[in-house]
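Step one of this worksheet: look at the structure below.
The values are calculated or read from the model by the stated rules, or taken from the named source; none is laboratory data. Owing to the predicted nature of the structure, the values given are computational and were not obtained by experimental measurement. Ideal geometry is used to build each Cβ from the backbone, glycine not excepted, and the neighbour counts take in all protein chains shown. Heads up: the accessible areas ignore ligands, DNA and RNA and are worked out on the full protein's heavy atoms, side chains in. Shrake-Rupley method; radii C 1.70, N 1.55, O 1.52, S 1.80 Å.
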Amino acid sequence: MTTPMIWLDGRGVPRDEVLRVAQQAATGFEQLGVREGDTVALLLRNDFAFFEVQQAAAAVGAYGVPVNWHGRTDEVTYILEDARPKVLVAHADLLAPIRSLVPAGIQVFVVPTPPEIQARYGIPDELARPAEGETVWGDWAARFEPSKAPPKRARATMIYTSGTTGRPKGVKRHPATPEESKAYTELFASVYGLRPGVRALVTGPLYHASPNAYGRQALMTADVLVLQSKFDPEETLQLIEKHRIENAVMVPTMFVRILKLPAEVRARYDVSSIRWVTHTGAPCPREVKQELMAWWGPVVYETYGGTEVGTATIATPHDWLEHPGCVGTPTPGTRMAFYDEQGHPLPEGEIGEIYARVPAYADFTYLNHEEKRQTVERDGMISLGDVGYMKDGRLYLCDRRSDMVISGGTNIYPAEIEMVLTQCPGVKDCAVFGIPDDDFGESLAAAVEPMPGEKLDARQIQAWLGERLAKYKVPKRIDFHASLPREDSGKIFKRRLRDPFWQNAGRKI
């Protein structure tokens with residue numbers, strides 16, 4: 001009989017060992033007074049300990065709160081103050097800058113930063129070790145017998161939204177009913193294709209909603225679960241071949257980086273084991289998905305949804321190939337509607353703000369911000385701030401409502417331009433956004449990260465875009481960056497690029 005294994009950067013441990021530590025820690029949590037409905041914060045990179053902490057919290061009915069460790073010190077401490085966790089478990093190097101800022105009353109446990117992660121991120125030895133007197137997570141958990149308490153009602157991980165406007169908010173779901181739990185399990189299987197014995201790969205950080213949900217399910221169903229602590233395109237191909245990976249969750253930027261590997265590098269690896277790759281998080285350029293499926297086969301599934309709503313649509317590979325650009329049809333039981341800026345419902349085909357309700361997910365509130373929960377609901381459905389339309393029963397996205405640029409009275413959706421610009425020779429990645437314009441209110445700017453060794457010219461890029469887009473969609477300004485501010489998932493911190501242009505504009509965006 002195969003022993004289910006979890007792998008991280010070449011090092012593997014049996015799944016049962018991770019689950020045993022989780023149950024021991026659950027006993028410890030109970031003795032610390034962690035109760036149902038409490039929160040447990042995780043300031044951890046992708047690591048075995050992440051699953052240990054998350055499973056231990058679930059066992060006592062607490063909410064796991066993964067903290068985006070890419071955040072600045074004040075962003076991390078804000079979440080700790082807002083979530084008010086009973087416990088914080090952190091990698092040693094991530095704890096170092098906030099050690100003296102952790103709010104009083106939080107029990108802190110330290111996970112020594114693994115040598116593999118040290119090497120990837122260039123972390124010195126002195127930061128990778130716990131400070132004198134700190135409690136080491138694994139040593140502490142080993143003191144206890146595994147918990148034998150009956151399981152508590154299922155609670156989702158409390159993910160903090162990205163905070164496009166203002167501070168991020170914790171999405172706190174009600175405990176799931178048995179019917180919701182059953183519907184969620186069925187939905188997850190249809191969206192991610194996870195089945196008992198699968199060989200699965202997680203490429204993105206577990207503090208993100210999609211990798212987190214996928215990782216939790218794969219932990220319990222996969223024979224092989226492989227984690228990357230930092231995405232690397234060639235290593236992803238190596239892992240697929242080495243572990244005969246069948247199933248993975250990714251984001252479009254990862255596809256782009258994999259496809260931009262030299263042809264001779266791509267040809268080195270056998271990826272024929274891949275059967276199901278689910279992507280979410282951002283629209284995927286049509287050419288990128290077509291090229292990837294020409295190589296990997298019709299294996300790419302696309303979903304649309306978000307932390308508040310859950311998975312609202314899914315596009316199978318064959319459905320997408322027949323309807324390129326769509327993000328799929330609504331998942332079972334999902335209601336979806338579109339509204340204009342005045343709140344009027346729109347007919348099929350009209351572009352509007354998207355609202356949805358997915359019955360497989362328990363309802364939610366925003367932790368400590370219950371009043372803001374009402375601002376995102378309309379007719380019993382929830383908005384994720386996206387703009388799009390329905391055609392032939394399939395959803396098409398335009399952009400984030402907050403990213404839409406209004407130039408001279410015309411609505412412009414930067415995501416469309418980014419999809420095209422990403423395909424420009426020499427461009428590794430890009431972000432398009434609005435900046436102040438005395439004549440038009442806003443005009444378009446693009447931040448471009450060139451491929452290594454490439455020297456790009458703004459006018460040549462504008463000419464290239466002009467052959468593929470309407471003139472008003474071509475950015476007036478193009479700036480080049482050695483690297484764009486981003487998370488490991490590939491998501492660009494667009495606001496950090498945009499804000500400097502608006503600081504002295506005398507108006508807000």
- Message: Can you compute the helix-only [θ] at 222 nm over the chain? Use -39500 (n - 2.57) per DSSP H run of at least 4 residues, normalise by all residues, nearest 500 deg cm²/dmol.
- Response: -8500 deg cm²/dmol
- Crossing angle, helix 286-296 versus the chain [Cα axis fit, 0-90 degrees, rounded to tens]: 50
- Message: Under the rule that an exposed site lies in a DSSP loop and has at most 16 other Cβ atoms within 10 Å, name the longest stretch of the chain with no GluC sites (Glu not before Pro) of that kind, not counting the sites themselves.
- Response: 135-340
- Message: Under a Cβ-only charge scheme (Lys and Arg +1, Asp and Glu -1), can you give me the dipole magnitude of region 1-127 about the Cα centre, in debye to the nearest 20?
- Response: 120
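Would you mind counting up the charge near ARG35? Only other residues with Cβ under 14 Å from its Cβ, with Lys and Arg at +1 and Asp and Glu at -1. Show your work: numbers first, answer last.
Values: positive: ARG84, LYS86, LYS152, ARG153, ARG155; negative: GLU30, GLU36, ASP38.
Combined, the nearby Lys, Arg, Asp and Glu give +2.
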- Message: Based only on Cα atoms, what mean projected area does the convex hull of region 69-223 have, in nm²?
- Response: 11.9
- Item | Accessible area of ARG20 in the full protein assembly, 1.4 Å probe (Å², nearest 10) | 110
- For the chain: accessible area per residue (Å², 1.4 Å): 43
- What does the accessible area of LYS473 come to, in Å² to the nearest 10, when a probe of 1.4 Å is used? 40
- Query: Among GLY380, TYR413, VAL53, which residue has its Cα positioned farthest towards the positive end of the charge dipole of the chain, with +1 placed on the Cβ of Lys and Arg, -1 on the Cβ of Asp and Glu, and the dipole taken about the Cα centre?
  - Reply: VAL53
- Task: Mind pulling the angle between the C-alpha long axis of helix 15-32 and the longest principal axis of the chain? Nearest 10 degrees, somewhere in 0 to 90.
- Result: 70
- Task: Within region 327-415, report the chymotrypsin sites (Phe, Trp or Tyr not before Pro) that DSSP leaves as loop and that have at most 10 other Cβ atoms within 10 Å.
- Result: none
- Task: Run the dipole for region 219-305 about the Cα centre, Lys and Arg Cβ at +1, Asp and Glu Cβ at -1, nothing else charged, and hand back the magnitude in debye, nearest 20.
- Result: 120
- Looking at TRP137, THR303, ILE79, which one has the Cα that reaches farthest to the positive end of the dipole of the chain (charges on Cβ: Lys, Arg +1; Asp, Glu -1)? TRP137
- Task: Give the calculated FRET efficiency between GLU81 and GLU116 to the nearest 0.05, with a Förster radius of 30 Å applied to their Cβ-Cβ distance.
- Result: 0.40
- Note the full-extension length gain between ARG275 and GLU348 as 0.36 nm times their separation in residues minus their Cα-Cα distance, in nm to one decimal. 22.9 nm
- What size of dipole, in debye to the nearest 20, comes out for the chain about its Cα centre when the only charges are +1 on Lys and Arg C-beta atoms and -1 on Asp and Glu C-beta atoms? 280
- Hey, which of these cross-link pairs are over 30 Å Cα-Cα: LYS169/LYS428; LYS169/LYS473; LYS172/LYS391; LYS86/LYS372; LYS372/LYS494; LYS372/LYS428? LYS169/LYS428; LYS169/LYS473; LYS172/LYS391; LYS372/LYS428
- Over the chain, with every protein chain in place, what whole percent of the accessible area is carbon and sulfur at 1.4 Å, could you tell me? 50
- Query: In whole Hz, what ³J(HN,Hα) sequence does region 211-222 give by Karplus (6.51, -1.76, 1.60; θ = phi - 60°), x for Gly and Pro?
  - Reply: x, 5, 4, 4, x, 5, 6, 5, 3, 8, 10, 7
- Query: To the nearest 0.05, how large is the calculated FRET efficiency for THR2 and ALA189 if R₀ is 35 Å and r is the Cβ-Cβ distance?
  - Reply: 0.95
- Query: Of all DSSP beta bridges in the chain, what percent run antiparallel (nearest 5)?
  - Reply: 55
- Task: Would you be so kind as to identify which of PHE188, PRO175, PRO211 lies farthest towards the positive end of the dipole of region 158-293, taking Lys and Arg as +1 and Asp and Glu as -1 on Cβ and the Cα centre as origin?
- Result: PRO175
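Exactly which trypsin sites (Lys or Arg not before Pro) in region 416-459 are in a DSSP loop and have at most 15 other Cβ atoms within 10 Å?
When the trypsin sites (Lys or Arg not before Pro) of region 416-459 are filtered for loop state and at most 15 Cβ neighbours within 10 Å, LYS455 remain.
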- With each pseudo-label sitting 7 Å past Cα toward Cβ, what's the ALA482-THR135 distance in nm, one decimal? 4.3
- Message: If I stretch the segment between ALA142 and HIS369 completely, what's the gain in nm (0.36 nm per residue apart, minus their alpha carbon distance), one decimal?
- Response: 78.0 nm
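Give, in nm to one decimal, the length gained when the segment between GLN290 and ARG378 is fully stretched (0.36 nm per residue of separation minus the Cα-Cα distance).
Stretched fully, the GLN290-ARG378 segment lengthens by 28.1 nm.
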- Query: Can you list the trypsin sites (Lys or Arg not before Pro) in region 22-102 that are in a DSSP coil and have 15 or fewer other beta carbons within 10 angstrom?
  - Reply: ARG35, ARG72
- Note on the structure: The Kirkwood hydrodynamic radius of the chain, taken as the inverse of the mean 1/r over all distinct Cα pairs, in Å, comes to 24.0
- Pairing the Cα long axis of helix 233-243 with the longest principal axis of the chain, what angle in degrees results, from 0 to 90 and rounded to the nearest 10? 50
- Compute the FRET efficiency between GLN423 and LYS242 as 1/(1 + (r/R0)^6), taking r as their Cβ-Cβ distance and R0 = 30 Å, and round to the nearest 0.05. 0.45
- Using a 1.4 Å probe and ignoring any ligands, DNA or RNA, find the accessible area of TYR121 and quote it in Å² to the nearest 10. 60
- What is the set of long-range amide H partners of GLY297 at a cut-off below 5 Å, with H atoms built 1.01 Å from backbone N? none
